[in-house]
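**Student:** Below you will find the structure I want to go over with you.
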Amino acid sequence: MQTIVARDDIQATVGTAGILERVRSAYDSRMDVEGTNVVVTGAASGIGKAMARRFAADGADTVIVVDINAEGVAEVAREIGGRGEVVDMTDEAAIVDLIDRVEAEIGPIDLWCGNAGVGANGGVELENEVWDFNWSVNVMAHVVAARQLVPRWIDRGGGHLLLTASAAGLLTNLGTAPYAVTKHACVALAEWIKITYGEQGVGVSCLCPQGVRTPMTEGDGELAIEVVKAMGMIEPEDVADAVAQGLANDDFLILPHPEVATYEQRRAGDRERWLTGMQKLQASLPTG
């Protein structure tokens, strides 16, 4: 359960440092899932399935398993004793209806895990339909959910949004422009929501794993997938463990691969050098 800790107002004369300290300490949004209602999208397999299992094991009151894969939804919901919902995350009305029904029939949503994601191999040559689909699932589904949930959380005094981006959202992903671009947007959206609503009790975390063994990475021969595999793969359960710890710590960035933090710092510290290195890596890879 998210805990809000009230503090006395400070005088306006404390200056910037004091204001920043007030913002940091105004509330405690560490997330304990025991006794909460949790929604996990993209939960029929991979990271979403592992998170749903972990939340159930950690004592969540109800885990709502959401995916477009009806068979997978039923299997996971049955396994963990949760509720299954088949929802297309490109359908705004369906997302709104899901939130309204869950809150009416089960109770307030305490934690929303926007985990559904898609990718596409290729770059700017890809058709608009491909870009639009990636944008709709990887970004706009989060916007729609936040539009519904953030005002409710502010009114109730708490709630937590977990968005699954990717290390690609902090760095890039060779071979797949739509994925890299939309995951950057996902990170930016999470940051904006945290900055804008964080002091009003809205917790935000952004999950940015690198290579994870999921159905999305099970293919062979495609450049984007082979690049991810070369970096070393971890299991979805490892990601779920990192999520549980990150929520307990109220971490904004949850990094199952800790080295990603170093990569991001190097990128920010000397972007020209980073770009040159990435260009060399790109040039070294097979093009066929």
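Nothing in this text is a laboratory measurement; each read-out follows from the coordinates by a stated rule. Just so it is clear, the structure is predicted and the values come from calculations on it, not from any experiment. Don't worry about glycine lacking a Cβ; one is built from the backbone with ideal geometry, like all the others, and counts go over all protein chains shown.
**Student:** Students often check this: by mean Cβ neighbours within 10 Å, which of 124-135, 56-67 ranks highest, and how do the rest follow?
**Tutor:** Numbers: 124-135: 13.3, 56-67: 22.3.
Highest to lowest by the protection proxy: 56-67, 124-135.
**Student:** Can you tell me how segment 63-165 classifies by the Cα gyration tensor, rounded, prolate or oblate, using a/c under 1.5 as the rounded cut? Please report the intermediate quantities before stating the final value.
**Tutor:** Numbers: a/c = 2.31, a/b = 1.42, b/c = 1.63.
Oblate is the answer for segment 63-165, as a/c is 1.5 or above yet b/c matches or exceeds a/b.
**Student:** Would you mind computing, in nm to one decimal, how far apart the modelled labels at residue 156 and residue 192 are, each placed 7 Å from Cα along Cα→Cβ?
**Tutor:** A separation of 2.4 nm, rounded to one decimal place.
**Student:** While we're on this one: Under 5 Å between amide H atoms, partner at least 5 residues away or on a different chain: which partners does residue 64 have, H built in plane at 1.01 Å?
**Tutor:** Long-range HN contacts for residue 64: 38, 39, 40, 83.
**Student:** Over segment 49-136, calculate the relative contact order: mean separation of alpha carbon pairs under 8 Å at least 6 apart, over the residue count, as a percent. Show your work: numbers first, answer last.
**Tutor:** Working: 74 pairs, mean separation 17.0, N = 88.
Computed value for segment 49-136: 19 percent relative contact order.
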